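Here the structure is laid out as structure tokens; the discussion comes afterwards.
A short reminder: the numbers here are calculations on the coordinates, not readings from a lab. Keep in mind it's a predicted model, so treat the numbers as computed, not measured. Note: ideal-geometry Cβ built from the backbone for every residue, glycine included; neighbour counts use all protein chains shown.
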Protein chains: 2
Amino acid sequence: MKALINKIKSNQDLSLEAEAYLYAISEKKTFSKGTVLIKQGQATVNKIFFVLDGCLRSYCVDKNGKEHTLQFGIKDWWISDYIAIHNNESATLAIECLKESTVIVFNAKKLNNIFTQFPEYEPFLRNLLERHVVSLHQRILNQLQLTASERYDLFLKQYPDIEQFTRNYHIASYLGVTQESLSRIRVEKIKK
Amino acid sequence: MKALINKIKSNQDLSLEAEAYLYAISEKKTFSKGTVLIKQGQATVNKIFFVLDGCLRSYCVDKNGKEHTLQFGIKDWWISDYIAIHNNESATLAIECLKESTVIVFNAKKLNNIFTQFPEYEPFLRNLLERHVVSLHQRILNQLQLTASERYDLFLKQYPDIEQFTRNYHIASYLGVTQESLSRIRVEKIKK
DNA sequence: GGAAAAAATTGACCTATGGTAAGAAATTAT
DNA sequence: ATAATTTCTTACCATAGGTCAATTTTTTCC
């Protein structure tokens with residue numbers, strides 16, 4: 001938690017009260033590998049996670065039973081089902097721990113209310129959201145213009161240590177290919 | 001411009017000074033079809049556009065000369081090259097008018113500074129960014145799980161009137177297929 | 001440490017989509 | 001209106017990636 005506070009403080013001042021409030025609406029928790037933090041379809045989503053350590057992923061299962069990974073959540077990243085929270089609908093995504101993970105659990109509504117009480121948090125969130133938008137734009141452009149093999153290369157650069165925590169099919173479903181295709185891509189790379 | 005102000009006011013109060021400042025940093029302009037507002041590769045991007053009327057699109061040209069459309073900008077949408085602005089690098093995208101369009105041109109830096117002077121704008125922007133993130137999440141999930149034909153159906157639902165302004169290859173490059181493929185998809189739909 | 005379960009690889013085949021090129025249609029400019 | 005230009009369609013073939021099933025490898029858990 002201190003880690004998050006320091007992160008925010010590195011860019012701006014924070015009153016003691018504002019800091020205290022953040023503690024009040026959150027809870028540090030450790031979950032074991034395989035734990036499902038949000039279940040696709042559950043009636044409401046009211047939690048947002050800040051990852052202190054470990055690795056999570058958010059994904060959806062389509063009508064054919066195939067999984068599609070939207071995001072990996074590693075150290076210092078936020079992860080939740082923003083679609084469900086923003087549209088106030090049932091969970092469109094599942095979130096699970098790919099290894100034992102320590103996260104700060106925020107109540108989504110209380111986190112959202114923090115700004116009426118402590119507008120000083122606004123710039124931090126604005127910056128966070130902007131960065132998020134930019135990375136999503138990049139991801140869409142990559143998906144449009146790169147081959148599966150190129151996307152895999154880029155993925156390895158962006159998440160250099162993640163392969164120890166993930167199954168190949170997690171990565172495949174993030175890249176938008178089948179696990180068999182990813183396997184073949186890996187073989188090709190080794191050959192070269 | 002009044003349209004934008006009213007949009008903001010529908011969710012929150014706005015002081016007269018804040019309103020005046022918005023006028024001060026912006027300029028209403030009309031561009032004819034084909035006008036390029038941002039050119040891919042240009043040294044700096046310092047403009048953000050709010051669309052009052054018309055239709056724009058942002059796209060990049062890859063190393064093989066193929067175009068990839070990131071976004072269409074229609075009435076009430078914001079459009080710019082956020083990647084370039086946020087990373088402070090040269091333009092990664094081009095933005096062009098697909099028909100005669102009237103937009104409010106904002107200076108990106110001044111728009112960003114508005115929050116230090118008028119924090120009352122923060123909630124508006126936060127909401128805007130959140131909505132944007134959610135729609136990008138949706139787009140990525142759609143790209144991962146839907147066929148080209150399904151993505152086209154969805155596109156027509158989301159942009160019901162856009163076909164009058166766009167060339168087929170604009171839409172194809174947004175969906176991530178070639179224009180020939182889109183043409184075949186259209187034929188299939190008519191058959192049914 | 002070994003059995004059971006899960007994941008990864010591999011091969012054979014298939015399908016959706018891409019590439020190319022030519023002609024048809026639509027749009028734009030004169 | 002007509003010519004020039006751009007865009008769209010269509011036919012044919014090519015290919016990246018998907019599917020299914022069998023086998024091997026890795027991981028999990030008593």
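Here the Gaussian network model covers chain B, with springs between Cα atoms less than 10 Å apart; of B:LYS33, B:LYS47, B:LYS63, B:LYS63 fluctuates the most.
Here the ratio of the Cα radius of gyration of the stretch B:2-118 to 2.2 N^0.38 Å is 1.11. Under the criterion of Cα pairs below 8 Å and six or more residues apart, the relative contact order for the stretch A:1-99 equals 34 percent. Taking a cut-off of 15 Å between Cα atoms, list the aspartates and glutamates near B:LYS189, but don't count ones fewer than 8 places away on the same chain. The reachable aspartates and glutamates, counting only those whose Cα sits under 15 Å from B:LYS189, are B:GLU150, B:ASP153, B:GLU180.
For the protein assembly as shown, taking Cα atoms only, Rg and Dmax work out to 21.7, 67 Å respectively. Over the stretch B:101-163, the pair-distance histogram of Cα-Cα distances with 5 Å bins from zero comes to 4, 13, 14, 17, 16, 13, 12, 9, 3, 0 percent, rounded to whole numbers. Need the list of aspartates and glutamates near A:LYS28 for cross-linking: C-alpha distance under 14 angstrom, and skip anything on the same chain fewer than eight residues off. Of all the aspartates and glutamates, those that pass the test against A:LYS28 - Cα under 14 Å, at least 8 places apart if same chain - are A:ASP53, A:ASP76, A:GLU100. What angle do you read, to the nearest 10 degrees and between 0 and 90, between the alpha-carbon axis of helix A:108-117 and the longest principal axis of chain A? For helix A:108-117, the angle is close to 40 degrees.
Taking the fewest neighbouring Cβ atoms within 10 Å as the starting point, the ordered list for B:ASP13, A:ASP62 is B:ASP13, A:ASP62. Sorted fewest first by neighbouring Cβ atoms within 10 angstrom, A:THR30, B:THR166, B:THR147 come out as B:THR147, A:THR30, B:THR166.
At 0.692 mPa s and 37 °C, plugging the Kirkwood radius over alpha-carbon pairs of the stretch A:45-192 into Stokes-Einstein gives what diffusion coefficient in µm²/s? The diffusion coefficient I find is 195 µm²/s. Exposure proxy ranking for B:SER173, A:SER183, based on other Cβ atoms within 10 angstrom of each Cβ and starting from the fewest, stands as A:SER183, B:SER173.
Which whole-angstrom value gives the distance between the alpha carbon centres of the stretch B:23-92 and the stretch B:101-157? Result: 13 Å between the Cα centres. Summed over qualifying helices (DSSP H, 4 residues or more, each -39500 (n - 2.57)) and divided by its residue number, chain A shows a 222 nm mean residue ellipticity of -14000 deg cm²/dmol. Note: relative contact order over chain A, using C-alpha pairs below 8 Å and six or more positions apart, is 23 percent.
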